[in-house]
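These notes concern the structure reproduced below.
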Amino acid sequence: MNFTRRLFLKHTVASGAGFFSLFRKKAHAKDHLPVSDESQVGCLVDTTLCIGCRQCEKACNLNNNLAKPEVPFTDKSVFREMRRPTENALTVVNEYVGNPSPDQPQRANTYAKVQCMHCLDPSCVSACIVGALTRTKDGAVVYNPTICLGCRYCMVACPFQIPAYEYEDALAPLVKKCEFCADFSTGTGADPSCAKACPTEAILFGNRNELLDLARDRIRKRPDRYIDHIYGEHEVGGTSWLYLAGRPTEEIDLLSLPGDAPPRLTENIQHTIFKYGAIPLAIYGALGAVMWHTNRKQNTESNVEGENNE
Ligand code: SF4
Ligand code: SF4
Ligand code: SF4
């Protein structure tokens, strides 16, 4: 099919109209629910208790019906390199070599699990122009694949570089990230699979405020074991996943981040648009056409690749 000017214009107008209705929907959607102390859930990861067994990875893999990993979950060779969550591993555990001494035994090797932090003010939600990412009243940041455009703004916006992108179906690509086992953990109070599987209780699930109290208590009682910092209490406006550590958090890739969520470029654009009541159809239409064209190109490339592999 040739991408003619007529077709481009037709697609542009159609896309613009489609975007308009989606934006209208999003404008009324409550995707920035206020954080309620009572209902806000979280997980506390005590990295001083983590033994790097990767049972959390395995449980997450099974619960989310992800592809079987290339190496078994018992294989510790994965620790040779730093890993990030992928479309087939929504959480990964990394090892950080330590330097223990008699007075600082906590500086032994540290293991820390990585997954979506479920920010209280999630930049991915703000960046998504169609509202495919939302935050539930409990605090889980969840994804709706049926309205995702595949623009990947969320990936750019996330300060923790979490969302991964699944290209398996070029026409219907998916953003993949930890959903906090939202179906059950935030609905019924049951533990997420990773927390349930952890043999050392290095992951505790519960009310975020109660977890903060617990974390403060641990720091107060064992200053020799913990640094005086609950990672996620304030970073980027606070996160539902919280971390305790026995060494500076930067050393275990918990980045030093400001106390505010990153600026919300797309949200500001949307607010401006609605404030003045003008919807620049051409802009959104053109964006839609570009995405359509990109998806088509990826599809063509994967077809060609498929033919070459035959
Ligand atoms: S960690 Fe990233 S993907 Fe997860 S809620 Fe925060 S901004 Fe969104
Ligand atoms: S909460 Fe669920 S999806 Fe998230 S890392 Fe744990 S098991 Fe995986
Ligand atoms: S299951 Fe628990 S102890 Fe094992 S790697 Fe995961 S967080 Fe660490």
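Okay, here's what the table says:
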{"item": "Point-to-point label distance, Tyr165-Asp224, nm (Cα→Cβ direction, 7 Å offset)", "result": "5.0 nm"}
{"item": "Pairwise FRET efficiency - Arg216 versus Asn144, Cβ, R0 = 35 Å, nearest 0.05", "result": "0.45"}
{"item": "Segment Asp183-Val97, length gained on full extension (0.36 nm per residue, minus Cα span)", "result": "27.4 nm"}
{"item": "Region 71-144, accessible surface, carbon-and-sulfur percent (1.4 angstrom probe)", "result": "54 percent"}
{"item": "Cleavage-rule hits (GluC sites (Glu not before Pro)) in region 48-130: DSSP loop, at most 11 neighbouring Cβ within 10 angstrom", "result": "Glu70, Glu81"}
{"item": "Label-point separation, Asn109 to Asn64 (7 Å along Cα→Cβ), nm", "result": "2.5 nm"}
{"item": "Inter-probe distance in nm under a simple model that places probes 7 Å from Cα toward Cβ, at Glu81 and Leu174", "result": "2.4 nm"}
{"item": "Computed E for Lys196/Lys137 - FRET, C-beta separation, R0 22 angstrom, nearest 0.05", "result": "0.45"}
{"item": "Ordering of 248-261, 140-153 by burial proxy (mean other Cβ atoms within 10 Å per residue, highest first)", "result": "140-153, 248-261"}
{"item": "Accessible area per residue in Å² at 1.4 Å probe, computed on region 60-101", "result": "62 Å²"}
{"item": "Region 34-137: Rg to Rh, with Rh as the Kirkwood radius over Cα pairs", "result": "1.04"}
{"item": "Cα Rg over Rh - region 116-176, Kirkwood", "result": "0.94"}
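The values are calculated or read from the model by the stated rules, or taken from the named source; none is laboratory data. This structure is a prediction, so every number in the text was calculated from the model and none was measured. Cβ sites come from the backbone with ideal geometry, for glycine too, and all protein chains shown count toward neighbours. Only protein heavy atoms, including side chains, enter the accessible area calculation; ligands, DNA and RNA are left aside. Shrake-Rupley method; radii C 1.70, N 1.55, O 1.52, S 1.80 Å.
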